[in-house]
Amino acid sequence: MQTVWLGGAEWLAVLRIGLGLWWLESWRHKDRKGWFERGTGIAWAGDVAAKHRWPVVRTGFEKVVAPRPKAMAYVVVYAELALGLGLVSGFLTPVALVGGLLLNLLYLVLMIHDWAEQGQNAMMALISLVALFAMSWQTWSLDSAFGLFL
């Protein structure tokens, strides 16, 4: 497919890189000191989970996240960084796309009552699906340069 300026594969790479930049911005604007030292991010998520309309969300949070808040803060913050770097550079792209999709779906379920968050996470999940099934790592990526995921 040929379009104005770029071909279809290049536009898919642009989409993948844009999604990576979105993850990097999510990482950049986090108050890491608050997340790591004061536990603000996990405390906020705990408050949201406690009021959630689906009991499975409350139970899941209490069993998985609440017992290890500091570790989970590091997982969330550095997952966003790793996803962004992987997508921008095109390194282990399918892994980053699946990881990002899962993280967006978790965020979407947690924030089911917040329309703004739902829109952002739904859009990022949709981009992940398109980039994954269209194999966006075939152009402008380290995966392509190294011959990975052919």
Taking segment 1-26 and keeping residues aromatic (Phe, Trp, Tyr), out of contact with any Gly (no Cβ under 6 Å at 6 or more places or on another chain) and within 12 Å of residue 88 (Cβ to Cβ) leaves 22
From the option list 25, 80, 37, single residue qualifying as surrounded by 13 or more Cβ atoms within 10 Å (Cβ to Cβ) and acidic (Asp, Glu) is 80
Screening 122, 50 for residues that are touching a Lys or Arg at 6+ places or on another chain (Cβ under 7 Å) and open to solvent by 40 Å² or more (accessible area, probe 1.4 Å) leaves only 50
Here the residues within segment 7-22 that are open to solvent by 40 Å² or more (accessible area, probe 1.4 Å) and either of a type in the set (Val, Ile, Thr) or out of contact with any helix residue (DSSP H, G or I) (no Cβ under 7 Å at 6 or more places or on another chain) (or both) are 10, 11, 14, 17
**Message:** Considering only segment 3-18, I want to know if a residue exists there that is among the hydroxyl-bearing types (Ser, Thr, Tyr), more than 11 Å from the chain's Cα centre (by Cα), within 30 Å of residue 146 (Cβ to Cβ) and modelled with pLDDT under 95.
**Reply:** yes
(Q) Looking at segment 64-72, can you tell me whether even one residue there is part of a helix (DSSP H, G or I), without any contact (Cβ under 8 Å) to a residue 12 or more places away in the chain and either hydrophobic (A, V, I, L, M, F, W, C) or open to solvent by less than 80 Å² (accessible area, probe 1.4 Å) (or both)? (A) yes
Residues of segment 82-124 being under 19 Å from residue 60 (Cβ atoms), in a helix (DSSP H, G or I) and among the hydrophobic types (A, V, I, L, M, F, W, C), in sequence order, are 101, 102, 103, 105, 106, 108, 109, 110
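With respect to residue 116, is the statement that it is over 22 Å from residue 20 (Cβ atoms), without any contact (Cβ under 8 Å) to a residue 12 or more places away in the chain and out of contact with any Asp or Glu (no Cβ under 7 Å at 6 or more places or on another chain) true?
no
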Among residues of segment 1-47 being part of a helix (DSSP H, G or I) and polar (S, T, N, Q), the residue nearest to residue 74 (Cα to Cα) is 40
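Among the residues of segment 97-113, write down those that are under 13 Å from the mean Cα position of the chain (by Cα) and either open to solvent by less than 10 Å² (accessible area, probe 1.4 Å) or touching a residue at least 40 places away in the same chain (Cβ under 8 Å) (or both).
Hits for segment 97-113 are 97, 100, 104.
The values are calculated or read from the model by the stated rules, or taken from the named source; none is laboratory data. Small disclaimer: the values here were computed from a predicted structure and weren't measured. Cβ sites come from the backbone with ideal geometry, for glycine too, and all protein chains shown count toward neighbours. Areas reflect the complete protein model, heavy atoms only, side chains present, ligands, DNA and RNA absent. Shrake-Rupley method; radii C 1.70, N 1.55, O 1.52, S 1.80 Å.
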